[in-house]
1. All but one of (1) under 16 Å from the mean Cα position of the chain (by Cα); (2) surrounded by 15 or more Cβ atoms within 10 Å (Cβ to Cβ) hold for residue 205; state the number of the condition that does not hold.
2. Filter region 123-142 for residues that are modelled with pLDDT of 95 or more and in a loop (DSSP other than H, G, I, E, B) and give the result.
3. How many of the residues making up region 95-117 are in contact with an Asp or Glu (Cβ under 9 Å, 6 or more places away or on another chain) and not in a loop (DSSP other than H, G, I, E, B)?
4. Is it the case, given these coordinates, that residue 243 is buried (at least 21 other Cβ atoms within 10 Å of the Cβ), in the same structural domain as residue 274 (by TED's automatic domain parsing) and more than 24 Å from residue 116 (Cβ to Cβ)?
5. Output the residues belonging to region 60-77 that are surrounded by 13 or more Cβ atoms within 10 Å (Cβ to Cβ), within 23 Å of residue 100 (Cβ to Cβ) and not acidic (Asp, Glu).
6. Among 163, 196, 169, which is polar (S, T, N, Q), exposed (fewer than 13 other Cβ atoms within 10 Å of the Cβ), farther than 24 Å from residue 274 by Cα and modelled with pLDDT of 95 or more?
7. Give me the residue from region 43-65 that is of a type in the set (D, E, K, R) and under 25 Å from the mean Cα position of the chain (by Cα) and, out of that set, farthest from residue 12 (Cα to Cα).
8. Are there any strands (runs of 3 or more DSSP E) wholly within region 210-313 with 2 or more residues that are at pLDDT below 95, and if so which?
Amino acid sequence: MKIVFMGTPDFAVPAVDALKKAGHDIVLCVTQPDKAAGRGNKVKYSEVKEWAIENDVPVFQPVRIKNEESVEELKKYPADVFVVAAFGQILPEDVLKMPRLGCVNIHASLLPKYRGASPIQWAVLNGDKTSGVTIMQMGVGLDDGDILLQEEVELDKNETGGSLFDRLSEVGAKLIVEALPKLDSGEITPIPQDESKATKVGMIRKALGKISFMEPAEKIERYVRGLYPWPGAYTFLDGKTVKIHSADVTDLPEDAPKDLSNGTVVYSDKDTLIIKTSDKCLSVKELQLEGKKRMSISDFLRGHKIETGAKFG
């Protein structure tokens, strides 16, 4: 099958690689334009572009896929289907209708739940027990097309946004390889989404990672996991930013004063740091002080003494 593959981040790479290994002909990779990143503003290729170069596949990087010149460029690459995975732009109707089998999207949630840009993180942030991948026939709306295939996965109690990202990218790769021949042969009956159950999530912004110790400890702990590795959950101590990379929920120590404000350190020794929240406490396991590397709490406390009564936030 001839495929135009549209994707940008590393989430999409297992899918395009699996399609090639399954014997499909990837005639073109469409990905976002190169960006300057890091120190020195060096130009960074998307992970999909890196894959395309390594596999001698032509690359197209439209600033706007909706532009007439972009649509005309795609017409130069006849394909049976366009496969989309975290591309980053909404496709116009002209493009959706271009291939024989239409455009098929690999979406990292169990649609209609979590339509939009950040379904993986919100599954962890909301404390969901399960997530999954949906292979869907794309329509003109945002992730509202018919469901072709789905696979559910259980979330581990220590699941992070990063670990779920990796797991679902592999599930998506397996599922798209399974879906395409079935779609081509008519073995799949598309299922319309239940609009009454639809939820939408937007882009994750850095500000979402700012910890409010006025929140319950379980919610803060989910945000620590769900926003890892980016943007990370962070707070402040003595005017410096502190990222919390790992933490557990624990009860307020029995001997702790009952009138301490939220964000106050209620217990600290050589390998323990416990911070009060609105209901229980957060026991910090790994953190990172501004300008320093990530450390276990015991390593951190060897060089940074934090007294009981110190205030985060």
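The values are calculated or read from the model by the stated rules, or taken from the named source; none is laboratory data. Since the model is a prediction, treat every value here as computed from it, not as a measurement. Cβ: placed from backbone, ideal geometry, glycine included. Neighbour counts: every protein chain shown.
1. Failing condition for residue 205: (2).
2. The first filter runs over region 123-142 and keeps only residues modelled with pLDDT of 95 or more, leaving 123-138.
Passing the criteria: 126, 127, 128, 129, 138.
3. Step one: list which residues in region 95-117 are in contact with an Asp or Glu (Cβ under 9 Å, 6 or more places away or on another chain), which gives 99-101, 105, 107, 109-116.
So of that shortlist, the ones also not in a loop (DSSP other than H, G, I, E, B) come out as 105, 107, 115-116.
Number satisfying all stated conditions: 4.
4. Yes: the conditions hold for residue 243.
5. Of all residues in region 60-77, those surrounded by 13 or more Cβ atoms within 10 Å (Cβ to Cβ) come to 60-62, 65-66, 70-71, 73-74, 77.
Narrowing further to those that are within 23 Å of residue 100 (Cβ to Cβ): 60, 62, 65-66, 70-71, 73-74, 77.
Across region 60-77, the qualifying residues are 60, 62, 65, 66, 70, 71, 74, 77.
6. 196
7. Among residues in region 43-65 that are of a type in the set (D, E, K, R) and under 25 Å from the mean Cα position of the chain (by Cα), the one farthest from residue 12 (Cα to Cα) is 64.
8. 265-269
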